[in-house]
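Below is one structure, written out as structure tokens, with a few remarks after it.
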């Protein structure tokens with residue numbers, strides 16, 4: 001099993017997300033990351049999703065996505081030269097000033113930063129590839145993060161997008 005990243009250009013209409021998610025549900029596949037937002041094309045949204053599967057499942061998934069009327073383009077970014085980003089926010093309890101300094105130092109050393117400071121908590125941010133986010137989160141295991149949220153993967157390929165149905 002492997003993680004795959006798919007980028008889709010879709011019509012910005014009610015129900016599109018439900019139809020795509022339903023297609024994965026019917027195939028007994030779990031979406032592990034999903035990001036959707038309007039894009040540079042009027043009336044369209046870019047959807048980036050990741051899922052775990054095998055090569056045969058990937059091919060049939062791409063074909064089935066291409067059959068959906070609201071899907072304009074489907075692109076497998078898993079093996080392309082692309083920029084992949086994820087955003088993570090972590091809330092860590094830091095009532096003790098020495099712990100607070102240690103946490104901030106670790107966050108900065110790992111490419112993150114403190115973006116929110118409360119009386120008893122810090123909120124840390126890290127933007128990077130999914131692997132870098134996983135590594136960042138593991139650094140704070142001993143501090144027992146009180147809350148953690150990730151945005152989901154977004155990606156843009158360096159490759160030419162002229163092929164409408166990749």
Here are some conditions: (1) in contact (Cβ under 8 Å) with a residue 60 or more places away in the chain; (2) out of contact with any helix residue (DSSP H, G or I) (no Cβ under 9 Å at 6 or more places or on another chain); (3) over 19 Å from residue 126 (Cα atoms). Residue 89 meets all but one. Which one does it not meet?
-> (3)
Hits in region 66-82 - residues which are in contact with a helix residue (DSSP H, G or I) (Cβ under 7 Å, 6 or more places away or on another chain) and within 20 Å of residue 18 (Cβ to Cβ) = 68, 70, 71, 74
Take region 76-103 and flag every residue that is surrounded by fewer than 12 Cβ atoms within 10 Å (Cβ to Cβ) and not in a helix (DSSP H, G or I).
-> 79, 81, 83, 95, 96
Residues of region 1-38 being in a helix (DSSP H, G or I) and free of Cβ contacts under 8 Å to residues at least 24 places away in the same chain, which ones?
-> 18, 21, 22, 25, 26
Please find, among 122, 106, the residue that is in contact with a helix residue (DSSP H, G or I) (Cβ under 7 Å, 6 or more places away or on another chain), at pLDDT below 95, in a helix (DSSP H, G or I) and farther than 25 Å from residue 52 by Cα.
-> 106
Only one residue in 100, 52, 56, 81 is without any contact (Cβ under 8 Å) to a residue 24 or more places away in the chain and in contact with a strand residue (DSSP E or B) (Cβ under 9 Å, 6 or more places away or on another chain), so which one is that?
-> 100
Among (1) under 30 Å from residue 2 (Cβ atoms); (2) modelled with pLDDT of 90 or more; (3) more than 22 Å from the chain's Cα centre (by Cα), which single condition is residue 56 missing?
-> (2)
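The values are calculated or read from the model by the stated rules, or taken from the named source; none is laboratory data. If you're wondering where the values come from, they're calculated on a predicted model, not measured in any experiment. Note that each Cβ is placed from the backbone with ideal geometry, even for glycine, and that neighbours are counted across all protein chains shown.
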